[in-house]
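To start, the structure itself, in structure tokens.
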Amino acid sequence: MTKKQIAVVSMIVLIILAAVVTAQATGLGDLVRGKGNTGVVTISESEYQELQLLKQRYGKLEELYEYIDEYYYIEPDTDLMLEYAARGLMAGLDDPYSFYYNTEEWAEMWEDDEGEYGGIGIQLLGNYNDYTVTVTRVFKGTPAETAGIRKGDLLVRVEDIDVDATTMQQAVNVMRGLTETTVNIEVVRKGEHLVFDIPRALISINRIEYTMLENNVGYIIIYEFAGESEKEFADALKDLRARGAQSLIIDLRDNPGGWVSAATSIADLFVDKCTLVYAEYRGGIRENYTMTNGKDDIPLVILVNGSSASSSEILSGGLQDLGRAKVVGTQSYGKGIMQYVIPLSGEDEDGFQFTCAQYFTSSGKTVHKVGITPDLIVEQPEEQQTAYFELGDLTDTQLKAAWELAVSMNQQ
């Protein structure tokens with residue numbers, strides 16, 4: 001997704017409801033008279049033809065609406081019909097990353113970005129290969145942790161919603177809500193179905209955690225690229241440098257991504273002017289994500305796994321491709337596409353997101369459906385895959401491997 005790049009546009013959905021147009025040809029242009037001859041507007045012949053084409057294209061919608069408006073057995077909820085029409089329009093793209101937010105969902109999405117909302121305290125990742133939805137993080141001190149939800153659980157039901165990657169956003173919307181109310185969810189853990197009634201509470205999200213490891217190695221976890229994560233990261237880096245960090249591990253494991261601008265801002269701390277990644281839009285239009293001068297030369301090791309996606313891959317893949325960082329762990333997720341998040345015009349505060357571009361590393365490497373291949377592949381033992389580790393615990397096999405590499409890279 002892009003954040004500061006949000007485009008404020010008007011999405012005009014033309015559903016022509018009983019529009020009557022009469023015209024008289026006048027050579028280069030047409031005269032289109034309003035109903036009752038109350039006014040005359042001159043438009044070009046091409047514009048008139050476009051209006052006729054739109055009327056033909058949306059004629060079926062007009063016909064459907066007229067039948068429902070006239071014959072449905074009760075008064076229809078027109079607003080709800082239009083909302084589902086918007087959802088259907090996005091569903092027609094057959095893209096799980098493109099969807100419509102109604103007013104409530106739009107507000108909840110921005111609440112999540114601000115880092116505080118009513119919910120149960122889990123982070124999810126949808127797999128669009130097998131359509132499973134996995135719990136990738138359980139926030140500490142939350143109702144989900146108290147109830148016994150674990151990292152690695154497969155979420156299969158929320159209330160009456162059967163959950164897969166295509167319905168994940170609906171499930172998230174249902175799990176959000178007023179504090180001190182409950183939500184019923186079902187997960188699968190090692191083949192066993194487990195059902196929980198979990199109370200909602202006020203959830204405060206921390207995006208960044210950091211500490212100093214032995215041998216002057218700094219360690220920063222980025223849980224997601226949202227809120228003010230880029231500022232929090234810069235503050236953490238400054239503090240670690242002041243405490244004597246000679247190399248740095250950036251942990252992006254289970255980070256599902258977020259705002260592109262956050263990832264590129266963090267990358268910009270470590271490289272001088274160059275292209276980190278570039279995006280390709282329809283028609284071959286290319287946009288370079290260019291860094292500025294003023295880099296910190298601290299040696300970098302980046303940790304990734306199969307749940308590191310999107311902006312995590314922009315940061316890790318971009319810095320790896322430039323030779324600026326060594327990547328440790330397992331193959332990343334492979335979401336190499338970007339989405340616009342756009343508010344719609346009108347009185348309702350709603351919006352939508354849709355895939356606008358595919359991105360590549362500076363040398364042209366494909367990320368989408370491929371992922372980032374680590375320089376050092378380190379599998380996490382099965383017994384550690386759902387374990388909780390204290391911050392900086394070097395019994396974490398992957399972290400220990402990253403730390404050993406970072407120690408060998410320490411600045412002299």
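The values are calculated or read from the model by the stated rules, or taken from the named source; none is laboratory data. Computed from a predicted structure; not experimentally measured. Because the Cβ atoms are built from the backbone with ideal geometry, glycine has one as well, and the counts that use them run over all protein chains shown.
In this structure, does GLU192 turn out to be loosely packed, with under 15 Cβ neighbours inside 10 Å, in the same structural domain as ASP164 (by TED's automatic domain parsing) and at pLDDT 95 or above? So GLU192 passes the test.
If I go through the range 196-212 residue by residue, how many of them are in contact with a Lys or Arg (Cβ under 8 Å, 6 or more places away or on another chain) and either part of a strand (DSSP E or B) or acidic (Asp, Glu) (or both)? Looking only at that region, the number is 1. Can ALA309 be described as assigned to a loop (DSSP other than H, G, I, E, B), within 27 Å of GLY283 (Cα to Cα), in the same structural domain as PHE225 (by TED's automatic domain parsing) and within 19 Å of the chain's Cα centre (by Cα)? Against the criterion (assigned to a loop (DSSP other than H, G, I, E, B), within 27 Å of GLY283 (Cα to Cα), in the same structural domain as PHE225 (by TED's automatic domain parsing) and within 19 Å of the chain's Cα centre (by Cα)), ALA309 qualifies.
For every residue, the table says whether it meets (1) over 27 Å from GLY306 (Cα atoms); (2) more than 14 Å from the chain's Cα centre (by Cα).
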{"residue": "TYR72", "(1), (2)": "yes, yes"}
{"residue": "LEU89", "(1), (2)": "yes, yes"}
{"residue": "GLY92", "(1), (2)": "yes, yes"}
{"residue": "ALA107", "(1), (2)": "yes, yes"}
{"residue": "GLU114", "(1), (2)": "no, yes"}
{"residue": "GLN123", "(1), (2)": "no, no"}
{"residue": "GLY126", "(1), (2)": "no, no"}
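Within the range 107-122, residues that are under 11 Å from ALA226 (Cα atoms) sit with their Cβ atoms under 9 Å from residues that are of a type in the set (Val, Ile, Thr) and part of a helix (DSSP H, G or I), at 6+ positions apart or across chains, in these pairs: ASP112/VAL172. Here THR290 fulfils each of the conditions (1) crowded, with 22+ Cβ neighbours inside 10 Å; (2) without any contact (Cβ under 8 Å) to a residue 60 or more places away in the chain apart from (1). When restricted to residues that are part of a strand (DSSP E or B), over 16 Å from LEU202 (Cα atoms) and either in contact with a helix residue (DSSP H, G or I) (Cβ under 6 Å, 6 or more places away or on another chain) or in contact (Cβ under 8 Å) with a residue 60 or more places away in the chain (or both), the range 129-152 contains 4. Quick one: is LYS326 farther than 20 Å from HIS368 by Cβ and without any contact (Cβ under 8 Å) to a residue 60 or more places away in the chain? Spelling it out, it is not the case that LYS326 is farther than 20 Å from HIS368 by Cβ and without any contact (Cβ under 8 Å) to a residue 60 or more places away in the chain.
Quick check on LEU240: is it surrounded by fewer than 18 Cβ atoms within 10 Å (Cβ to Cβ), hydrophobic (A, V, I, L, M, F, W, C) and over 22 Å from the mean Cα position of the chain (by Cα)? So LEU240 does not fit the description; no. With respect to the stated conditions, ALA144 is out of contact with any Leu (no Cβ under 6 Å at 6 or more places or on another chain), buried (at least 18 other Cβ atoms within 10 Å of the Cβ), small (Gly, Ala, Ser) and not assigned by TED's automatic domain parsing to the domain that holds SER345. In the range 329-344, the count of residues that are assigned to a loop (DSSP other than H, G, I, E, B), basic (Lys, Arg) and in the same structural domain as TYR281 (by TED's automatic domain parsing) is one or more. Within the range 209-239, the set of residues being among the hydrophobic types (A, V, I, L, M, F, W, C) and touching a helix residue (DSSP H, G or I) at 6+ places or on another chain (Cβ under 7 Å) comprises MET212, LEU213, VAL217, ILE220, ILE222, PHE225, ALA226, PHE233. Output yes when any residue across the range 72-90 is in contact with a helix residue (DSSP H, G or I) (Cβ under 6 Å, 6 or more places away or on another chain) and closer than 20 Å to GLN170 by Cβ, and no when none is. No, the range 72-90 has no match at all.
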